[in-house]
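Handing you this structure, nothing more for now.
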Amino acid sequence: MPAEAPLHVLIAGGGLSGLALAQGLIKDGHTCEIFERDADDTRKIGYYLHMNADGGEALRRCLPEDLFELYAQTSRKTYDRRESVVLNDQLDELSSQPHLGPPNEGDRPHTGVHRRTLRAILRARLGDSFHPGKAITSYQETPDKVTVTLDDGTTADGDVLVGADGIRSAVRRQKLPGTTVIDAGIRGLGVYGRTPLTPGLAAQLPPHLFEGVLIAADRRGSRLLIAVYRPREQAPDAAARIARDVKLELVDDYVMISCSVPPGTVIPPAAQWTDGTPAMLRDAMLAAIEGWHPAARALVRNVDLASIFVIPFGFLEPAPAWEPSRVTLVGDAAHAMLPTLGMGANLALRDAASLLDQLDAASRRETGLVEAIGTYEQGMRDYVYPFMRMTMDHDRQFGGGALEDRGPS
Ligand SMILES: Cc1cc2nc3c(=O)[nH]c(=O)nc-3n(C[C@H](O)[C@H](O)[C@H](O)COP(=O)(O)OP(=O)(O)OC[C@H]3O[C@@H](n4cnc5c(N)ncnc54)[C@H](O)[C@@H]3O)c2cc1C
């Protein structure tokens, strides 16, 4: 049903949740403006995203049918195993446990996507609603509207402001000033890269490495995350067939790796990297997995040096419930968590779809606007906060190791 009283929604941040929300608002007959701090899409923010049905169904809700089809078609098919598997340094299985969240079942199950492809699909057709290179610095709220101020000094008005501006959200800083980011550094799985999946490398990999997202660990504390990206159909071909106006880059098959480096390795901040830094990090990763199975070493040795980047991890403690208003939060801005369980993007997309449902109910006058936002926020806290706690526990037991030095919570 078309919106009776269409809303104009301001969105801080053009990441996964902000873009998905924008798509859904336009689909439902509302208008929006997305303000994205980055001027372009070149910042390295990750490669492979594990997807579950929270994320998959949210994309179905938010995207027009053909763009959803394009997402499904450019996703990795399915895992033979429905668990996340922990291996030892010789790549023998140690343990497994179910992935969190429901899997994407149906006639075309999809389990993983290349992040940049997904972002390009989510960016499609947003036209003048998308404002790259514009950061929101603050907002002012009255009973009738919200006004945001941007870093170039200009302002914009809307019915609602959604902070989709990630872990260091400017919107959250003003709305929930008591919430602080807990920095976990780059210990454990903070160094990421992509290894081209050539036929030669594929032949060296034991078959079970293709079965899911795996973490291999040794007794010294070194860890290697392994995720194979092989889409159902190459992105440019799928776009030409399904949505001709969308241009997608070719992404050759790859294995995303994330590997430990030996304690004491000095990693310069991104701005101080030299041409030699990626090779230094590759060699440090190889030193951390000395004596491991040759396939694990081949994955690291053959990493594309240009793809290597480092992410300092951070997370939020669940914030106590707050009074709803015309300003709300989605995704990492509301509940950033460590990436060890592959949940953050799925939950961020789920937020976008849940908020969309509530805004739509308000625009059809089934409920008041602020009440609708409050219903979204309560549902989000109920669903997401347990995962925030589980992620920290999992990280301590199996995962990235980011919290190892922090002791029990
Ligand atoms: C290495 C890594 C691997 C991961 N793997 C997975 C996985 O497999 N599965 C999974 O579900 N999750 C995964 N996650 C988590 C997932 O990436 C995040 O939870 C998800 O990206 C959050 O989406 P978001 O839209 O909330 O924020 P983001 O994607 O962080 O987007 C926020 C956007 O806001 C912009 N911004 C920031 N400040 C401002 C401002 N003031 N004004 C305007 N714009 C602003 C930023 O430039 C950015 O584009 C992973 C995370 C990392 C780091």
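If packing is taken as the average count of other Cβ atoms within 10 Å, what order do 122-129, 8-15, 101-108 fall into, highest mean first?
Result, highest mean Cβ count within 10 Å first: 8-15, 122-129, 101-108.
Given the peptides 139-151, 249-261, 18-30, arrange them by the average over their residues of other C-beta atoms within 10 Å, most packed first. Show your work: numbers first, answer last.
Values: 139-151: 15.2, 249-261: 20.4, 18-30: 24.3.
Sorting 139-151, 249-261, 18-30 by mean packing, highest first, produces 18-30, 249-261, 139-151.
Points 7 angstrom from Cα along the Cβ direction at residue 311 and residue 283: gap in nanometres?
Reported label-point gap for residue 311 and residue 283 is 2.7 nm.
While we're here: Let me check I have the definition right: for region 296-385, take the eigenvalues of the Cα gyration tensor, multiply each by 5, take square roots. What are those semi-axes in whole Å, largest first?
37, 14, 10
Among 285, 242, 354, which residue has its Cα positioned farthest towards the positive end of the charge dipole of the chain, with +1 placed on the Cβ of Lys and Arg, -1 on the Cβ of Asp and Glu, and the dipole taken about the Cα centre?
It is 285, whose Cα lies furthest towards the positive end.
Determine the sum of side-chain charges near residue 228: Lys and Arg each +1, Asp and Glu each -1, restricted to other residues whose C-beta is under 10 angstrom from that of residue 228.
Numbers: positive: 76, 230; negative: 211, 253.
The answer is 0.
Once you place label points 7 Å from the Cα toward the Cβ at residue 378 and residue 230, how far apart are they in nm?
4.8
Counting other C-beta atoms within 10 Å, and keeping those with at most 15, which DSSP coil trypsin sites (Lys or Arg not before Pro) do you find in region 293-372?
Qualifying residues, ordered by number: 364, 365.
Give me the percent of DSSP beta bridges within the chain that run antiparallel, rounded to the nearest 5.
Antiparallel bridges: around 70 percent, rounded to the nearest 5.
DSSP H helices in the chain with Cα extent of 24 Å or more along the helix axis and mean Kyte-Doolittle hydropathy at least -1.0?
Both cut-offs are met by 344-363, 369-397.
Could you list the chymotrypsin sites (Phe, Trp or Tyr not before Pro) in region 347-392 that lie in coil according to DSSP, counting only those with at most 16 other Cβ atoms within 10 Å of their Cβ?
none
Turning to a different aspect of this structure: Arrange the peptides 200-213, 270-283 so that the one whose residues have, on average, the most other Cβ atoms within 10 Å appears first.
200-213, 270-283
In the structure shown, do any of 27/134; 27/77; 77/134 have a Cα-Cα gap over 29 Å, and if so which?
Going by Cα-Cα distance, 77/134 fall outside the 29 Å limit.
Further question on the same structure: From Cα coordinates alone, what are the radius of gyration and Dmax values for the chain in angstrom?
Rg then Dmax for the chain, in Å: 21.2, 65.
Throughout, read-outs are computed from the coordinates displayed, never taken from laboratory work. If you're wondering where the values come from, they're calculated on a predicted model, not measured in any experiment. Glycine also receives a Cβ, built like all others from the backbone with ideal geometry; neighbour counts cover every protein chain displayed.
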